[in-house]
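The values are calculated or read from the model by the stated rules, or taken from the named source; none is laboratory data. The shown structure was predicted, so the numbers you read here are calculated from the model rather than taken from an experiment. Note that each Cβ is placed from the backbone with ideal geometry, even for glycine, and that neighbours are counted across all protein chains shown.
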Amino acid sequence: MDDSTSTIDPADLVLADENQIRIAGWPDEPLRVQEDHVDGLLLWCALRKATDISIQSDRPIIIEVDGTLYPITRRAMDSADITNVLMKIYGPDALAKLLLARILIFLMKFGLSDLFAIVSEQISQLF
């Protein structure tokens, strides 16, 4: 066997991107994202200079760093994870606010501006 074929030329090695080494994944990823995990997650993302955090159902959490997207969880988030994140960020009435926002978007989408005005006025009195 020729020794020249078994030698690896260092120029042929592709080094990992610095961001890939730095990001790697959320090391404290729990089995279920609870409200008390959200602050740690956001701090971890901020320390990695994430400019965007995407938390969606049926997808891993993804962050954007220097224009590149990185999945940071090993599993996809489910509705319970999403609910816990929303509750932490928006408070105990998060789901009600989300539902009302969807109703308002529906009303605007279908040109029901008179009804939109009435509903939005009632909502503003609630919150």
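Considering THR51, THR7, the condition of being in the same structural domain as ALA80 (by TED's automatic domain parsing) and modelled with pLDDT of 65 or more is satisfied by THR51 alone. The set of residues from region 41-66 being over 11 Å from the mean Cα position of the chain (by Cα) and surrounded by 15 or more Cβ atoms within 10 Å (Cβ to Cβ) comprises TRP44, ARG48, VAL65. Taken over region 36-65, the criterion of being within 16 Å of LYS88 (Cβ to Cβ) and in a helix (DSSP H, G or I) is satisfied by ASP36, HIS37, VAL38, ASP39, GLY40, LEU41, LEU42, LEU43, TRP44, CYS45, ALA46. Checking the stated criteria, TYR70 turns out not to satisfy the condition of being aromatic (Phe, Trp, Tyr) and over 13 Å from the mean Cα position of the chain (by Cα). Looking only at region 67-93, filter to residues that are assigned to a strand (DSSP E or B) and touching a strand residue (DSSP E or B) at 6+ places or on another chain (Cβ under 8 Å); which one of those is surrounded by the fewest Cβ atoms within 10 Å (Cβ to Cβ)? For region 67-93, the residue satisfying everything is LEU69.
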